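The structure appears below as structure tokens.
The values are calculated or read from the model by the stated rules, or taken from the named source; none is laboratory data. What you see is a predicted model; the values in this text were computed from it and never measured. Glycine gets a Cβ as well: all are built from the backbone with ideal geometry, and neighbour counts include every protein chain shown.
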Amino acid sequence: MSWAPTGSPPRSPSTRAATNSPAGRPARAARPTIFPIHQTTRSYQHHRKPAIYVTDTSTQTLNAHTSELDRAHVFHSWSAQAALRPLVIAGGLGCRVWDHDGRSYLDFSSQLVNVNIGHQHPAVVQAITEQAALLTTIAPSTANLARGEAAKRITDRAPAGFNKVFFTNGGADANENAMRMARAHTGRDKVLSLYKSYHGNTGAAVVATGDWRRIPNEFARGHVHFFGPFLYRSEFWASSEAEECARALHHLERVIQGEGVASVAAILLESIPGTAGIMMPPAGYLPGVRALCDKYGIVLILDEVMCGFGRTGHWFAFQAYDVVPDLITFAKGVNSGYVPTGGVIISDAIAATFDETVFPGGLTYSGHPLAMASIVGALDAMEAEGIVENAARIGRDVLEPGLNALQAKHPIIGEVRGVGVFWALELVADPATREPVSAAVMARVKAELLGRGLLPFLMENRIHVVPPCVVTDAEVAEALAIYDEVLSLDLLA
């Protein structure tokens, strides 16, 4: 890849040993690096406050001041507020982030699995800056060059027969609008989705979600859930991938029939369920779902919000499974979240439904120029620098063998699964029974990883290994060493 950071920002020497050098282990070189173009032009230095922030902090550090402001005024998502002590992040570059005191973290979370191109990629920052100087906002009813260029770049990477994009503000409202399109296209009401899934936290998207987050939010109508294939914890008493796949497809067909074929508008699936555990579908599952949709006249919506735009080593995860959906939802990796955006890629057949019929949806900030410019910058850079290919190679040649070696060494790892830079380690208290480790164990795992300078993504009893697509062999080696060290602790005591 041509995107190669050089140099280093200032670092607080007094924090290095405490954060990155546990007793008995040499300190790792974990400093964030700075692109040459930033060494003279970057106004923000993480060891001092940017000029735009004018609050007097003369009596406290910026870390303390940031935490104080956060505690006083910021209401956090998915959290009981009183116990929160959020990690302070002041800056980032490539695969690293750091706080105001110079503590550096290797970001193996990609934040919320969205920073595919890495932090502060100069091409994306430049695209946003240039667009901001030209036009910062315009209504979605207008034609805008950045919007058109972004849509063309997206459809160029989609399968044949996808030529239109409806832009949203994120992944949840992308799924909302895809379901709306499917219902309008079919004249039917129900949407089927997996119990082990996450589709966003807006009205219908959170009800389509299968996990616990839908429970306090079930106010939208017409949603039905079903079980999908996951051999490690099979709902179908299967003993092989082929058996799991066949039984899962039979179960889905019976749900369709039980709900009434004429009432089912869409099946909404993550191509690879991400937050639920990076559960790799058996080879025949997605084609089997496609066949059921064709048989019963159902729209197939594939949610690529988390797994799309390079994370699996493909532009879209479904491209590895010989299947083409009717609607594709996206967000996150399309511009790595530099500006909030998302959307629906629409097949020609469904787009034609709205040639003479009004589509009943729209958003004030849909296709926002800054977001569109960031998409253009990100996709062009990913293409030019071989970033998708890098994700595929890292997964195949570095992460897969490295994570399998960890499993062979540590019985606490019950299963390793994934592809590209999209992996999960399933942690178990007992390999024989596959009993998940406790929340207390996971809390300790998180603390130990952070203490060694690795920012993790943890869900339930799993470590999700999800670095940016630009991650290097050396950074993976550094992370694997940290995982190894933490998993060598007596975590189950």
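Worth a mention:
- Matching entry among L406, L487, L427, L449 (being within 24 Å of G94 (Cα to Cα) and either buried (at least 21 other Cβ atoms within 10 Å of the Cβ) or of a type in the set (A, V, I, L, M, F, W, C) (or both)): L449
Condition check ((1) in contact (Cβ under 8 Å) with a residue 12 or more places away in the chain; (2) assigned by TED's automatic domain parsing to the domain that holds I328; (3) over 22 Å from the mean Cα position of the chain (by Cα); (4) not in a loop (DSSP other than H, G, I, E, B)) across all residues:
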position: T129; (1), (2), (3), (4): no, yes, yes, yes
position: I138; (1), (2), (3), (4): yes, yes, yes, no
position: R147; (1), (2), (3), (4): yes, yes, yes, yes
position: A150; (1), (2), (3), (4): yes, yes, no, yes
position: R153; (1), (2), (3), (4): yes, yes, no, yes
position: P159; (1), (2), (3), (4): yes, yes, no, no
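- Top-ranked residue in region 258-276 [being closer than 13 Å to L194 by Cα and among the small types (G, A, S); ranked as surrounded by the fewest Cβ atoms within 10 Å (Cβ to Cβ)]: A276
- Every pair of residues 6+ apart whose Cβ atoms lie under 9 Å, when the first sits in region 435-461 and is not assigned by TED's automatic domain parsing to the domain that holds A424 and modelled with pLDDT of 95 or more while the second is buried (at least 21 other Cβ atoms within 10 Å of the Cβ) and not aliphatic (A, V, I, L, M): none
Here's the yes/no breakdown for (1) over 18 Å from A178 (Cα atoms); (2) of a type in the set (G, A, S); (3) at pLDDT below 95:
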{"residue": "R233", "(1), (2), (3)": "yes, no, no"}
{"residue": "A248", "(1), (2), (3)": "yes, yes, no"}
{"residue": "Y296", "(1), (2), (3)": "yes, no, no"}
{"residue": "L302", "(1), (2), (3)": "no, no, no"}
{"residue": "D322", "(1), (2), (3)": "yes, no, yes"}
{"residue": "P325", "(1), (2), (3)": "no, no, no"}
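- All positions within region 344-362 that are in contact with a helix residue (DSSP H, G or I) (Cβ under 8 Å, 6 or more places away or on another chain), at pLDDT below 95 and under 24 Å from E270 (Cα atoms): G361
- Residue that is nearest to the chain's Cα centre (by Cα), among those in region 295-322 that are in a helix (DSSP H, G or I) and buried (at least 24 other Cβ atoms within 10 Å of the Cβ): A317
- Helices (runs of 4 or more DSSP H) lying entirely in region 169-269 (those with 1 or more residues that are over 30 Å from P140 (Cβ atoms)): 241-259
- Residue within region 76-83 that is on the phi > 0 side of the Ramachandran plot, in a loop (DSSP other than H, G, I, E, B), of a type in the set (F, W, Y) and at pLDDT 50 or above present: yes
- Scanning region 198-213 for residues that are within 22 Å of P281 (Cα to Cα) and either in contact with a His (Cβ under 7 Å, 6 or more places away or on another chain) or surrounded by fewer than 23 Cβ atoms within 10 Å (Cβ to Cβ) (or both) gives A205, A208, T209, G210, D211, W212.
- Per-region count, region 349-390, residues over 18 Å from R153 (Cβ atoms), in a helix (DSSP H, G or I) and either touching a Cys at 6+ places or on another chain (Cβ under 9 Å) or not hydrophobic (A, V, I, L, M, F, W, C) (or both): 2
- Residue-level check: of (1) out of contact with any Gly (no Cβ under 6 Å at 6 or more places or on another chain); (2) under 30 Å from V376 (Cα atoms); (3) in a helix (DSSP H, G or I), N163 misses just (3).
- Among (1) surrounded by 24 or more Cβ atoms within 10 Å (Cβ to Cβ); (2) in contact with a helix residue (DSSP H, G or I) (Cβ under 6 Å, 6 or more places away or on another chain) - the single one K332 does not satisfy: (2)
- Residue match in region 230-244 (condition: over 25 Å from E435 (Cα atoms), surrounded by fewer than 22 Cβ atoms within 10 Å (Cβ to Cβ) and out of contact with any Phe, Trp or Tyr (no Cβ under 6 Å at 6 or more places or on another chain)): no
- Inside region 145-165, residues that are in contact with a helix residue (DSSP H, G or I) (Cβ under 6 Å, 6 or more places away or on another chain) and surrounded by 14 or more Cβ atoms within 10 Å (Cβ to Cβ) make up a count of 9.
- Residue match in region 215-226 (condition: touching a residue at least 60 places away in the same chain (Cβ under 8 Å) and among the charged types (D, E, K, R)): no
- Filter result for S197 (modelled with pLDDT of 95 or more and over 25 Å from K295 (Cα atoms)): no
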